[in-house]
1. Please find, in a Gaussian network model of the chain (springs between Cα atoms separated by less than 10 Å), the residue of 24, 153, 197 whose mean-square fluctuation is greatest.
2. Run through all the Cα pairs of the range 87-259 and give the fraction in each 5 Å bin from 0, expressed as whole percent.
3. Modelled label-to-label distance, residue 242 and residue 27, 7 Å Cα→beta-carbon offset: nm?
4. Cut-off 10 angstrom, C-alpha nodes, Gaussian network model of the chain. Which of 57, 200, 169 fluctuates the most?
5. Set the Förster radius R0 to 30 Å, insert the Cβ-Cβ distance between residue 329 and residue 54 as r into 1/(1 + (r/R0)^6), and round the FRET efficiency to 0.05.
6. What length, rounded to one decimal in nm, is gained on full extension from residue 76 through to residue 301, with 0.36 nm per residue of separation minus their alpha-carbon distance?
7. What is the gain in length, in nm to one decimal, between residue 380 and residue 343 on full extension, counting 0.36 nm per residue of separation less the C-alpha to C-alpha distance?
8. To check you understand DSSP bridge types, tell me what percent of the beta bridges within the chain (both residues inside) are antiparallel, rounded to 5.
Ligand code: LLP
């Protein structure tokens, strides 16, 4: 089925994901790491649709979760609890309690106070919590500042010195077992250098912990490998695993990875129809039925997404592609060379598999859109479009 047929069958705006592409990406990642003990925990936040999770689980993926909601999604599709990691800078007591009750592989700790909370709750439950500590290596990932996470000015993780104290303390605790170490320096990283630096810092720290008899079994390199949005060069996954292997020589650890965007980003397309074209004295605007609430990356990070017009290719000129939301930041592209469009023409916005649907909202009381999977040439609905009642069902009129 082509894009036009999919748009006619399911309506627009619409997300379409090519699951075969997800499989290829997963297999490539797995192959790159197969020479060592490894565990690939897919970063659920990138695309948390249950079918996506189930599909990755069937191929052997675990899950990296950032809320108890994401942990529950992973459990719901049958991801084994020993393949589930729970990260995040602010976990509530009830989230920690549920994670411990579910006996997941480990909780990634991001502060001294969090370690205390986890210890306290583990004691209450009478369990020993398996933990990992997230290191902030103070390395610039050279990506958009909003998705850079490995600098001291970012809220994530703790510096090596603090981590050392936390490991020593945790080792002595009756309720904590430190089994892992973690770092994640940012997302959409296209240059391997920052990874090399981070792996170097964290692996040498692991060696110093061994001499303190703290036995790190899981070396978690986080996610962050960038994808190609506009033909740009990005990291070769085999170079990436090689750098990690080289730094871990002689250490008996399971390499844990948390790829999100790499696995799903380029599998996705966002289909949106043209409502109107209009011109001001300064600009040409293509107004679509999709908007920033459906796909917010251009508005949030000035992110570039390639756009294809299905149909006519005539009269190419610069245009802003904008949605119906009442914000000037509601755009998919600015000054993009695109053909002349008319009512009901279809636009395909590319690289929309990661951080697109998951960041969508009901802003302007716009219903969240439908999602479709393409598997071996067949199309399957994996999320129904919300309707008006879905949007208001939890609201209470008290007057
Ligand atoms: N692990 C941790 C702890 C993370 O915080 C993230 C992403 C990942 C793994 C997965 O990173 P990836 O492989 O996908 O780069 N909304 C932004 C991206 C935010 C990333 C947040 N953390 C965007 O649309 O670009």
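1. Among 24, 153, 197, the largest GNM mean-square fluctuation belongs to 153.
2. 1, 9, 18, 20, 19, 15, 10, 5, 2, 1, 0
3. Simple spin-label model gives 2.3 nm for this pair.
4. Of 57, 200, 169, the Gaussian network model singles out 169 as fluctuating most.
5. According to the calculation, E is roughly 0.30.
6. On the way: separation 225, 0.36 × 225 = 81.00 nm, distance 3.19 nm.
Difference between extended and current length: 77.8 nm.
7. Here the answer is 10.6 nm.
8. Working: 28 of 64 bridges.
Counting DSSP beta bridges with both partners in the chain, the antiparallel share is about 45 percent.
Every read-out reported here was derived from the displayed coordinates using simple, explicitly stated rules and does not represent laboratory data. Only a predicted model underlies this, so the values are computations on that prediction, with no experimental measurement involved. FYI the Cβ positions are ideal-geometry reconstructions off the backbone, even for glycines, and counts take in every protein chain you see.
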